[in-house]
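Each remark here refers to the structure printed beneath this line.
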Amino acid sequence: MKKLLFTLLLAALFLAGCDRQERAGLVFSVGGAPAELAAWQDLVDEFRQVSGIEVELLRQPAETGQQRQGLILALKAELPTPDVFLMDVGWIGLFAASGWLEPLGDFDRSPFFEEVVERVDVHEGELIALPVYMDGGLLYYRRDLLALAGRDAPPETWKELLEDAVSLLPAMRAENPNFYGFVWQGAQYEGLITSFLEFAGSEGGFVLRDGRILLDVPANRAALRLMRDLIRNRVSPPSVYTEMREEEVRLFFQRGDALFARNWPYAWRLHQQPDSPIARRIGIAAPPGPTAEERVSTLGGWHIGVSRFSQRKEEAMEFVRFVTSREAQRRMVLALGWNPGRRDLYDDPRVLEEMPNLAELKEVFEKARARPAIPYYPQVSEIAQRHLNAALAGRVTPEMALQQAEEEIAALMARYGM
Ligand code: GLC
């Protein structure tokens, strides 16, 4: 009798296990700041209610490079999970070329930013991803402090930004010794490249010429000198090159310790929270440039795709349809203040009521500058990150850094037979 009971118990446990596995559902990998992950959890819960499909949120670090590494490990091993994930525009090309993305089939692409979809999400004629949110680099500024300096508009050139900072710093530092002029992403990671592209403006960045990637060009030299000098002259803190990623920049600016900050749109909503010391004292604008005509904002953003190795592709596709639907995107915009991948929300009355600046931002995104859409871009970027960061630290001159990065990139491309 005891034995029978024991066997029954084992069987029950086993079946419960199977049942849990049955219902375990999809694994969705996504990273970001804590507020973003909380909003994703809500969205996933709503998806379960409408579809009956469970989704496990695989929480990733916010940093894009770390997210990429984590996904690459799973995909190289052809693991069935995560089934579905967000990808940075910077590495979709690599994932597509590696054959890791399941074509999404027939999707109505018309509500999305079509040029972005064409350039980033279509691989060999097939749709392999869809934009969930768009990023463009922005200049955040303290409206109240600029007004003290008699300025009613944000700077349009780096020279103007420097002038504003220099004129305000002495008085601000007398009150707050930790006050700085400008904080930006300068740590050795992808964000450094996105800031660098803006410092360099439309004449610089990764200059593609005759199948080569040039970095040692006048606009880049000027940009890197300026970046280094901002730190040397204490307009920007040394922590810019040692540790500043998105959240470090956001927290620094939000404490009230800087006049200007470079960040993505997500920071706006957080800066404006009622308990934020800078709430209602800030403005945003397109980043300055070497000249007003050469201003660029770097195109960023995250797109959703399905793993080729998923064993739940049907459900994964349903999830993609849900996440990119107008309703879900509206909810995420209202919760996080991010910029939807769908164009049709930029004139949605409810969204505009919450985010009156969205109409203006749409223009910044439409003109934003993409990083090279090549499969080995992550490696190109890693080389550039290392050398640029060494120049910021003062270990090499800007000229040396750019030359060395250019040579290493050329060697990499030769290895790939490009
Ligand atoms: C943001 C952007 C992404 C970029 C990253 C750099 O997440 O959306 O495109 O690569 O920042 O840190």
Average Cα contact separation per residue, the chain, under 8 Å, 6 or more apart, as relative contact order %:
25
On a full-extension model of 0.36 nm per residue, what is the gain between R59 and Q41, subtracting their alpha-carbon distance, rounded to one decimal in nm?
5.5 nm
Compute the longest continuous run of the chain that contains no exposed GluC sites (Glu not before Pro); treat a site as exposed when its DSSP state is not H, G, I, E or B and it has at most 12 other Cβ atoms within 10 Å.
125-418
Taking the 0 to 90 degree range and rounding to the nearest ten, how far is the long axis of helix 64-76 tilted relative to the main principal axis of the chain, both from C-alpha atoms?
30
Gyration tensor verdict on the range 255-323 (Cα atoms; rounded if a/c is under 1.5, prolate if a/b is larger than b/c, oblate otherwise):
oblate
How much net charge surrounds V396 when only the other residues with a Cβ under 11 Å from the Cβ of V396 are counted, with Lys and Arg +1 and Asp and Glu -1?
+2
Inter-site label distance for D347 and S239 at 7 Å from Cα along Cβ, in nm
4.4
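When ligands, DNA and RNA are left out and all protein chains stay put, how many square angstrom of accessible area per residue does the chain have with a 1.4 Å probe?
45
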How large is the accessible surface of H123 in square angstrom, using a 1.4 angstrom probe and rounding to the nearest 10?
50
Helix 2-24 versus the longest principal axis of the chain: what angle, 0 to 90°, nearest 10, using Cα atoms?
40
Carbon and sulfur atoms account, in whole percent of the 1.4 Å probe accessible area of the chain, for 52
Heavy atoms only, probe 1.4 angstrom, no DNA, RNA or ligands counted: give me Y189, Y266 ranked by accessible area, highest first.
Y266, Y189
Using the alpha carbons of the range 88-183, what is the convex hull volume per residue in cubic angstrom, as a whole number?
159
How large is the charge dipole for the range 115-159, taken about the Cα centre, if only the Cβ atoms of Lys, Arg (+1) and Asp, Glu (-1) carry charge, to the nearest 20 debye?
560
Amide H to amide H, which residues 5 or more places from I282 or on other chains are under 5 Å from it, using H placed in the peptide plane?
R143
With every protein chain present, what accessible area does M418 have (1.4 Å probe, heavy atoms only), rounded to the nearest 10 Å²?
130
Can you give the relative contact order of the range 191-233 as a percent, counting alpha carbon pairs under 8 Å and 6+ residues apart?
35
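The values are calculated or read from the model by the stated rules, or taken from the named source; none is laboratory data. Values in this document were obtained by computation on a predicted structure and should not be read as measured data. Ideal geometry is used to build each Cβ from the backbone, glycine not excepted, and the neighbour counts take in all protein chains shown. We work out accessible area using only protein heavy atoms, side chains counted, and drop any ligands, DNA or RNA first. Shrake-Rupley method; radii C 1.70, N 1.55, O 1.52, S 1.80 Å.
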